[in-house]
Structures are given as structure tokens and as C-alpha cells.
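First the structure, in the form of C-alpha cells, and then the observations on it.
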Amino acid sequence: MPAAIETTSLTRRFGDFTAVDQVNLTVEAGQFFGFLGPNGAGKSTTIKMLTGLLAPTSGTIRVLGADLTQNSAELKRQIGVVPEGMALFGRLTASEYLRFVGRMYGLDKATTEQRTAELLDFMNLAGEDKKLVTDFSHGMQKKLALAAAVIHGPRVLFLDEPFEGVDAIAAGTLKSMLQRMIARGVTIFLTSHVLEIVERLCTHIGIIHRGQLVAQGSIDQLRAGVARHGDGTAPLTLEQIFLEIVGGGDQALTPPEQELSWLS
Amino acid sequence: MAQLNEPPVAAYDIPASTQLLAIAWMRWRMFANGFRRQANSGKVAGLVLTIVLRILLWPILAMWVIGPAFGAGFMAWAAVSRHHPERLAPLLGGIAIGWQFVAVNGVSIAATMSTFDPASLLRYPLRFGRYLVLRLLLGLLTPSTMIGFGALFGTAVGIAIANLSLAPAAVVVLAVYALLNLFFSRMIAVWMERWLATRRAREIFGGLLALFFIGLQVFNMRTHGHRHSDTSDWLVNFAQASNHVLDFLPPGFASHSITVTAHPLSSLLQFAALLACTAVIFAAFAYRLHKQFLGEYLAEGAPRSTVAAKRPAPAIERHLDRAQHAESPHAGFALPPTIAACLRKEWVYLRGNTNQLIAMITPLAFVFIFSRGILAHHPQYLLPGAVGYAVLGLMATLYNVFGADGAGVQLYLLAPVRLRDVVLAKNIASMSLLLVEATLAWTVAAVLATAPIPLVAQLSAASWILFILFTNLTVGTLRSIQAPSKISIAQTRRMRPAPASKTSGLIVLAIVFGSVLLQVPVTFLCRYFNNPWLAVWIFAPLAAAAIAAYAVLLQQAEQLILTYRDRIAQELCGD
């Protein structure tokens, strides 16, 4: 079975700035993959390239075994995306938006209607049918973006900060939905700054730092790699692993505290 | 959910009709919801006004299409019936230039009313061919296309009336010529988007465009300065000279394809050249669009999210250090710290905004040109004309003082500052620009006037300008608080008016132009009563009243902002 996502020497430059540098990433089918990195590390740029929204400067991307550039339209049917900024159409209602997305992904009218109703109900948005998306709260917009990302039953789901701004109840519902999708064989590629969520949901982790993939593997594999440098008395949390890999000796991530001594 | 053992590439395609109809339906819903939103939010008056304005607007827009169509039809008829087929090429060239001019300048009502970016469709499973068709279809109702198609339709009708035997060729050739122009305008748009991706490039382009308009104005004044027959002769000579050039361009190919009926082979060759040009332009359009389809990133530098954060601590330290210095009683500014800090920030914004500087220079250039004309002999009219015209172009800066702050406006609401001071600082910044502009225009008028400007004219102009500035400052400040509109500094080319600004925009225009044009009846009254001091007696009290109104508003600014803070946050802090 081919890997769900596979990149080879994936690189993206913006002028002189290299946002993503020679990234070789492999996400096996059915994995819940967490993609981590500090602010500005290249996470969103990578997701944009993996979903066909941004062209790589060099390197290749294969999704479900097929080249993304050569099979863009076919592969877009197989993936769902919650992009950075969500990219919703603010002047539609939630049901209008989901109907539009369903039709764009080739669902027939009856299926679109049925899934729209189910998703709105599932996301607790069913009572907001007269409200335009632009008038939704941030959390409601996030839930709608997630609903739109799954309406066509994608085989690979890309989520850029899906839990940001979502309340705890909705977050719990979404997590269980994502875990059910994983159980059905869907691959999920997720970025989040909330490491506890990633640790609880994801089976595999990739860490990008300054555009380079600095670690990749299961949490246990990463833990084992880092533990060699630790004291080995207690299992490391993902946060400790992350800081060890990315933050160690990096002044940009560990500002000297004495410079803000006036705060207390 | 789909199972993983399915083939990755779908065995069947999504029907084009499904996606195209979905997009058409989505556009319709967005249009309809635009009305519904106003009605739901209680802006019934605004909704009615919008509908009335649109009803009134359509006949005016229709005249923009019908007028050129009739004009082109008549000229085509005259050229063919009077056996001057060589005049068809300049006519077609003129239509092409007009078409592209309207398209490039974006004088597009449809575009300003739309909040839809076709590139947002790229994340859906669209094939490139469909995206290409969509990009062509989505702009068909823009004024440039409608005016161009109308003029070419009129040309075809004019040719057919003059010589029915030319009708079939005219219809086919002009249809191809219309497509060529359509592709060309789209090609220019997508390439300009590529070339003008950086702010600096856009600003340079804006400067060149301003120079072009100034040049056009100079040319206009020069031709109107001569006798009418001179102008006509010049135009005839220009048309004749341009024919030689047009012979090798699409207007010439199209014209000869229609009119060289005596030599079918030559006519076919000309038509083939026209088709070849159309194909090349279409290919250039499709090539650039394909790059966009594949995910080309155009803006300058890296996206915000990818720019790594620099080491923050020393910067914070320096910033705090400066802030402490600003609060020091020994700092250079004698103004209160809040006003001084806001003014410094406005200055930083202005310094990096070349567009604003161009907006200041362009009216002065026009003032310079006007001042050298007939007005130079009438300094009592020259002075108010020059100063009024110069400040008119900058008046918009008074009407949306928080627009450029975007989400940063929250700082004013959160910080322990008097909001009145923030408003005052912003008003001082805007008024300084206007006063500098007025002073420069005043100087130009005074230098170029052939006689000294009478004292009474200067007093009248001064009180009039004060009246204009403070009237618009008062209304503008009120509007800035009640109906702010986010201004994207990085992407001014995609800047859209806020929903609230559409309905009340005409009222604002009425206030701006009304206050400026008040000079006309007052001048008339002065002449009628033969008393130039009358203008001073009228404008001085009006100016005093406007200043008083502003003072009252300033006192209320704090409460007003707090009352409208939800709307301010909603409009400025959203995506």
C-alpha cells in the first residue's frame, strides 16, 4: 500500500528566504500525524504545498501514491482541508456553504442535502441557518470549516490548527469524530500548537524547525531518541521532547529571563 | 468514508455542469444575501437606498454601453458608405484602446460590488480548463467587456447597413476581434497581478499612471487652446499616420479582413493573422493563469506565517526604553504622550506610503497647469479654485481614520488612554496633510497669478477652506467611528469598500462636494451684489460654526467610540 503522503526534497523559497528546505516526509495510510514546529517554522507553507495551494520551488509530492502536480484535480477530490484562515465564503449561510462545497466535490444533490443536515446537526450549527458565515463566531467558523473539509468523505484530511478558538465541548466532539475517521482508515495530517492535544491524538509526529524536518517517527521513537540525552527517570512528555529537539540551545526560543526582570 | 484500497485517481470525472452551476448558484446566493444582511441588521433605509441607487445606476451604465455602440456604428457606417474603408482600422484601434483603458483602470462597478476572489476556488477539485473558462465567464459583465462588445456590435451593424454584402465577414471577424480584446484584457490583468505583486511596484505604477493623466490633461489643454479646425486637422493627420502602424496590428488585420473583398486570398491571410494574434494572446493569458492554478505565490517576501520570529527580548527592552523616554517631561514633544505617540505612528505610516505622497503631488501638478491658463488672469477665482481642487483629493483621509489600523485598533480600546486624544492625534495628522496641500496650492496660485491676489479674496479663501476642512473633519470623524472600513495596506489592489460604505457613500460625496461647491453660489452672490466682502461674511461664520461643531464632537468622541466599539471591532478586526 502506498504512503498516504510522501515528499522528496520538498523545498519552497520566497526570494532569499527558504521557508521549507529539502523536506523528506512520509505519512503512512491511516496514521494520525502531528506536524509540529515553532512559529514561522514552515508548517503552514508545507500544508499549502501538500494540498496544492502553493507550488513547491523544487521536490516532489505524492499523495495516495500519485504525483500531486500531475493529478491535482483527482487528488483534491480525495483530500479535505481546513486551511489557515479557513477561507470560508462569508456571505453565504452555513447550509448554503456546505451545499456549495458538496456540489464542487461532485456529490449528488440528495447526498449533499443529507450530509449538510447531518454535519450542521453534528457541529451544533443547525439552529443558525439564517445567519451569514461572516457573522459567526471564530469557533463556529472553525466548526463549519471542518464540516466542509469532511463533507465529501476524504481519504486524507489536512487540518491547520483545527482546535484554535473551539470551545472544550466542541473540541471533544471533534476529537472523537477525527478518531472515528482514523478507525475507518482515513489519514489525518494535523498541525497544532497545543502539544497536549497532539500527544493525545497523534500516533506519529514530524517536527519542522527553520524549514527543515528535524525529527520524524512515532512518539515512542522520538522519546527514545531524546531520552539518550535525558536522565531517563520518567517518560518525557511531547512538550519536553519538542523543547529538547527544537529549543535546546536556541536563544530565539529561550529568551534570557533576566532581561524582563522588571515584570515582577 | 472511502476505503484505502480504492484507486487514488478517480475513475470518473465531476461533470463540468455540476461545478459551474454550483459556482453560479453560490454567486447568486452571495448577491441575494447581501440584501438580506442589510434587512436583517435593521438597515431598512440603507437597503431601500441601495435598491434605488442601483435602479438609478443601471440607465447610466446602460448609456455607457449604448453611447459607444451608436458612435462606433455611425463611424463604421460613414467609413464604409463613403468609401473610406481605411478609417475602419483607427476605429477598431480606438475601441480596443478604450476597452483596455477601462479594464486596466478597474472602473468596474461589478468589481467594486463583488467580494469574490476567483482564486479562492483553487482548493476545489477543478481542472485547469474549467478554471480557465470560469475566469473568462466571471468577468463578462464588467463595464469594459460590455462597452467593448457593445461598440463592436455597433460597428458590425454600421457596416451591415452601409454594405449588406460585408455583413457576414463583419460578424465573424468582429466576433474574433472581440475575443482577442477580451483575452487581451484578461491577459493584462493576470500579468499585471504578477508584475504588481509587490507594493513598491504598485506604487511606481500608480505614479506612472498619475503622470499619464497629467500628460493627457496637458495635451487636452494644448489642443483646446488652439482653434477647433486645428484640433480636427491634428486628429485627421494622427488617424492617417496611425493607419500605417495599424496595418501590422490586429485592428488592421480585422479591418482588412472585412473590407478587402476584392482579393479573397489577401482577406483570408489578414483573417489568419488576426486568428494567430488571438491565439498568441490567449496562450499568454492561459500560461500565466496556469501558473496561478499550480499555486504560484505572488506577494512580496514570505507569507507572514513563515517569517521566523526574531529574538524578542532586546526589541521589547528597546521599545520600553523609548516609551519611557516619550513619557519624560524633557522629551522633545510638548504634546501629551498619547497624542505624541499616535502622531509618531501616523508619521511612520505616511512615510512608507508612496501612494499617499503621489495623491498629494498629483493635484498640485494640475493646479500648476490650471494656473498657467486663463485663470491666471483672474486671481480672485484662481486662488479658491486651486486650493479647493488640491484639498478635494485628500478629503477621503478624514473619513476613515481607523481604517489603516486594522485589528490594531484594539490597542486604543485596551490601553489606558483617552480615546479623545487618539482621535485628536489622528485628526491633527490628517489636517496637517490637508493644510500642507492647501498651503502649497496657495503658493502656486500666488506665484503664477498675473496680478497680486486681493486681500479680500485671500480672506474669503481662507475662511472658505477652514469651513470645508472642519465640516469634513467633523462628518469624517463621526463616520470614522460609526462606519469604519478596513484598509489593507499590503494589498491595496484588492481593497473593497465596507458594506456600510456603499449605502452611505453618496451622502458622504454630497457633503464633500457640497461643501466645496458652495463657493460657486457665493461667488455668484458676490458678483450680483458687487460686494467681494460678502464671501467673507458668509464663510467666516460658517467656518466658526464648523470649528465649534468639531469641538463638540471631540468632547463626545470618547463616548461615541465606546458606543460603537462593537462595530469598530467587527469591521476592522475581521479577516
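Each row is one residue, and each column tells you yes or no for (1) farther than 23 Å from A:Ile5 by Cα; (2) touching a His at 6+ places or on another chain (Cβ under 6 Å); (3) at pLDDT 90 or above.
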{"position": "A:Thr46", "(1), (2), (3)": "no, no, yes"}
{"position": "A:Leu54", "(1), (2), (3)": "no, no, no"}
{"position": "A:Val63", "(1), (2), (3)": "no, no, yes"}
{"position": "A:Thr69", "(1), (2), (3)": "no, no, no"}
{"position": "A:Ala94", "(1), (2), (3)": "yes, no, yes"}
{"position": "A:Thr111", "(1), (2), (3)": "yes, no, yes"}
{"position": "A:Leu120", "(1), (2), (3)": "yes, no, yes"}
{"position": "A:Asp135", "(1), (2), (3)": "yes, no, no"}
Every residue in region A:206-218 that is farther than 14 Å from A:Leu243 by Cα and away from chain B (no Cβ under 14 Å), please. A:Leu213, A:Gln216, A:Gly217, A:Ser218
If you go through region B:443-456 one residue at a time, do you hit one that is outside any helix (DSSP H, G or I) and surrounded by 19 or more Cβ atoms within 10 Å (Cβ to Cβ)? yes
Given the residues A:Phe136, A:Phe163, which is the only one that is away from chain B (no Cβ under 14 Å) and either surrounded by 16 or more Cβ atoms within 10 Å (Cβ to Cβ) or among the β-branched types (Val, Ile, Thr) (or both)? A:Phe163
Which condition from (1) surrounded by fewer than 22 Cβ atoms within 10 Å (Cβ to Cβ); (2) at negative phi; (3) in contact with a Phe, Trp or Tyr (Cβ under 9 Å, 6 or more places away or on another chain) is the one that A:Glu113 breaks? (3)
Taking region A:44-54 only, how many residues are under 24 Å from A:Leu222 (Cβ atoms) and either surrounded by fewer than 21 Cβ atoms within 10 Å (Cβ to Cβ) or at the interface with chain B (Cβ under 8 Å from one of its Cβ atoms) (or both)? 3
List the pairs whose first member sits in region A:90-119 and is facing another protein chain (nearest Cβ under 7 Å), whose second member is of a type in the set (S, T, N, Q) and outside any helix (DSSP H, G or I), and whose Cβ atoms are under 7 Å apart, counting only residues at least 6 apart or on separate chains? A:Arg91/B:Thr115
Being under 30 Å from B:Pro521 (Cα atoms) and buried (at least 18 other Cβ atoms within 10 Å of the Cβ), is that true of even one residue in region B:403-416? no
Mind telling me which of the residues B:Leu398, B:Leu413 ends up being touching a Leu at 6+ places or on another chain (Cβ under 6 Å) and at pLDDT 80 or above? B:Leu398
Residue hits (region B:46-104; of a type in the set (A, V, I, L, M) and modelled with pLDDT under 75) are B:Leu47, B:Val48, B:Leu49, B:Ile51, B:Val52, B:Leu53, B:Ile55, B:Leu56, B:Leu57, B:Ile60, B:Leu61, B:Val104
If I go through region B:275-312 residue by residue, how many of them are at pLDDT 75 or above and of a type in the set (Val, Ile, Thr)? 3
Would you please name the residue that is nearest to A:Asp21 (Cα to Cα), looking only at residues in region A:55-89 that are of a type in the set (D, E, K, R) and at the interface with chain B (Cβ under 7 Å from one of its Cβ atoms)? A:Glu84
If I go through region A:23-43 residue by residue, how many of them are assigned to a loop (DSSP other than H, G, I, E, B) and more than 8 Å from every other protein chain (Cβ to nearest Cβ)? 5
How many residues, within region B:131-142, are surrounded by 20 or more Cβ atoms within 10 Å (Cβ to Cβ) and part of a helix (DSSP H, G or I)? 2
Of (1) more than 30 Å from A:Gly42 (Cβ to Cβ); (2) part of a helix (DSSP H, G or I), A:Gly106 fails just (2)
Mind checking which residues of region A:108-134 are among the hydrophobic types (A, V, I, L, M, F, W, C) and under 18 Å from B:Ile14 (Cβ atoms)? A:Ala110
Of those in region A:205-234 that are at pLDDT 60 or above, farther than 18 Å from A:Phe33 by Cβ and surrounded by 12 or more Cβ atoms within 10 Å (Cβ to Cβ), the residue farthest from the chain's Cα centre (by Cα) is A:Ala227
Being facing chain A (nearest Cβ under 7 Å) and either assigned to a loop (DSSP other than H, G, I, E, B) or modelled with pLDDT under 55 (or both) is the filter here, so list the residues in region B:1-34 that pass it. B:Met1, B:Ala2, B:Gln3, B:Leu4, B:Pro8, B:Val9, B:Ala10, B:Ile14
List pairs: first in region B:121-144 and of a type in the set (Val, Ile, Thr), second surrounded by 18 or more Cβ atoms within 10 Å (Cβ to Cβ) and assigned to a helix (DSSP H, G or I), Cβ under 9 Å, 6+ apart or cross-chain? B:Thr142/B:Val102; B:Thr142/B:Ala103; B:Thr142/B:Ser185
For A:Val20, which of the numbered conditions (1) touching a residue at least 12 places away in the same chain (Cβ under 8 Å); (2) within 9 Å of another protein chain (Cβ to nearest Cβ); (3) under 27 Å from B:Leu132 (Cα atoms) fails to hold? (3)
I'd like to know if region B:565-574 contains one or more residues that are over 30 Å from the mean Cα position of the chain (by Cα), crowded, with 20+ Cβ neighbours inside 10 Å and of a type in the set (A, V, I, L, M). no
Selection over region B:268-292 where residues are surrounded by fewer than 13 Cβ atoms within 10 Å (Cβ to Cβ) and either touching a helix residue (DSSP H, G or I) at 6+ places or on another chain (Cβ under 7 Å) or touching a residue at least 12 places away in the same chain (Cβ under 8 Å) (or both) yields a count of 0
Checking A:Glu6 against (1) in contact with a Leu (Cβ under 9 Å, 6 or more places away or on another chain); (2) at the interface with another protein chain (Cβ under 8 Å from one of its Cβ atoms), only one condition comes out false. Which one? (2)
Test result for B:Leu132, more than 22 Å from the chain's Cα centre (by Cα), more than 17 Å from B:Arg87 (Cβ to Cβ) and away from chain A (no Cβ under 14 Å): no
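The values are calculated or read from the model by the stated rules, or taken from the named source; none is laboratory data. Since the model is a prediction, treat every value here as computed from it, not as a measurement. Positions of Cβ are backbone-derived with ideal geometry, glycine not excepted, and every protein chain shown enters the neighbour counts.
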